[in-house]
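The values are calculated or read from the model by the stated rules, or taken from the named source; none is laboratory data. What you see is a predicted model; the values in this text were computed from it and never measured. FYI the Cβ positions are ideal-geometry reconstructions off the backbone, even for glycines, and counts take in every protein chain you see. Protein only, heavy atoms only, side chains kept; ligands, DNA and RNA dropped before computing areas. Shrake-Rupley method; radii C 1.70, N 1.55, O 1.52, S 1.80 Å.
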Amino acid sequence: MNTTGVVAAAVVPAAGRGERLGPGAPKALRELGGAPLLVHAVRALARSRAVGLVVVAAPPQGVAEVVGLLDSHGLDGKDIRVVAGGATRQESVRLGLAVIPEQTEIVLVHDAARPLVPVEVVDAVVAAVRGGAEAVVPAVPLADTVKRVRPVPAGEPEPVLDTPDRASLRAVQTPQGFRRRVLAEVHAKALAEEAEGGSPVVTDDAGLVEHYGGQVVVVPGHEEAFKVTRPLDLVLAEAVLARRRASDGF
């Protein structure tokens, strides 16, 4: 695939509630340094010259609110569109993908809850797809030893089954990058499977590609591209953002 110079589009599914951060606004709209996580995530994508369009899949009842938020935080210079998301992350990605022009050959999918991903990670993912990969994920090595356990009722000790070699394990981040054709095909297959009463058990779009027999490759991620899921993550994100602002006026 010759995609030299091709500009990518990105989908940001942001319709989820994010219950682990506690009650209140949807996770994507929680504030970090005076702006919602979503605004930071869109800015991170928009900083890349490789990204020409960002599509945000917002809570169905909050499209106007998200449009207003993005407008009020000066996100201009890039084509940014907001659509109503779905009940699941997978549905939101599919709805976002539907408004991306057919001629767009590279599509990224980025978590709204990863507000601080450096632009070099975005660029590396796009470059890998341009280089011929059909699906690309940024990832980092695991620092902790990992145990595989047999799940038991909450609060009870869990028996350890084994200890995987962490040298071959990676913690996956976003944005994930795809050839447009590949991403559209796996979502269509998943939708058809769902209509027949089944559904692939995956947690990201790369997982869909794997499920249907595609090849996914890994490029280096970054420690600051972590996902804001729990209150402590928000504290860490505030610290990272403060350091960036102090050092380079981020």
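Taking each residue of segment 90-109 that is over 21 Å from Arg130 (Cβ atoms) and in contact (Cβ under 8 Å) with a residue 60 or more places away in the chain and looking for partners that are among the hydroxyl-bearing types (Ser, Thr, Tyr) and open to solvent by 10 Å² or more (accessible area, probe 1.4 Å) with beta-carbon atoms closer than 9 Å, six or more apart or interchain, yields Gln90/Ser199. Out of the residues in segment 160-170 that are loosely packed, with under 10 Cβ neighbours inside 10 Å and not aliphatic (A, V, I, L, M), state the one that is farthest from Val216 (Cα to Cα). In this case the residue turns out to be Asp162.
Out of all the residues in segment 218-232, is one or more surrounded by fewer than 13 Cβ atoms within 10 Å (Cβ to Cβ), touching a residue at least 40 places away in the same chain (Cβ under 8 Å), in a helix (DSSP H, G or I) and not β-branched (Val, Ile, Thr)? Within segment 218-232, one or more residues are surrounded by fewer than 13 Cβ atoms within 10 Å (Cβ to Cβ), touching a residue at least 40 places away in the same chain (Cβ under 8 Å), in a helix (DSSP H, G or I) and not β-branched (Val, Ile, Thr). Inspection of segment 195-203 finds no residue satisfying the criterion of being outside any helix (DSSP H, G or I), at pLDDT 95 or above, surrounded by 15 or more Cβ atoms within 10 Å (Cβ to Cβ) and touching an Asp or Glu at 6+ places or on another chain (Cβ under 9 Å). The strands (runs of 3 or more DSSP E) found wholly in segment 34-138 and carrying at least 3 residues that are touching a strand residue (DSSP E or B) at 6+ places or on another chain (Cβ under 9 Å) and open to solvent by 10 Å² or more (accessible area, probe 1.4 Å) occupy 79-84. Can you find even one residue in segment 32-50 that is touching a residue at least 12 places away in the same chain (Cβ under 8 Å) and in contact with a Phe, Trp or Tyr (Cβ under 9 Å, 6 or more places away or on another chain)? The answer is no; no qualifying residue exists.
Selection of first residues in segment 172-185 that are small (Gly, Ala, Ser) and of second residues that are part of a helix (DSSP H, G or I), restricted to Cβ pairs under 8 Å at least 6 apart or on distinct chains, gives the following pairs, ordered by first then second residue: Gly177/Val125; Gly177/Val126; Gly177/Ala128; Gly177/Val129; Ala184/Leu97.
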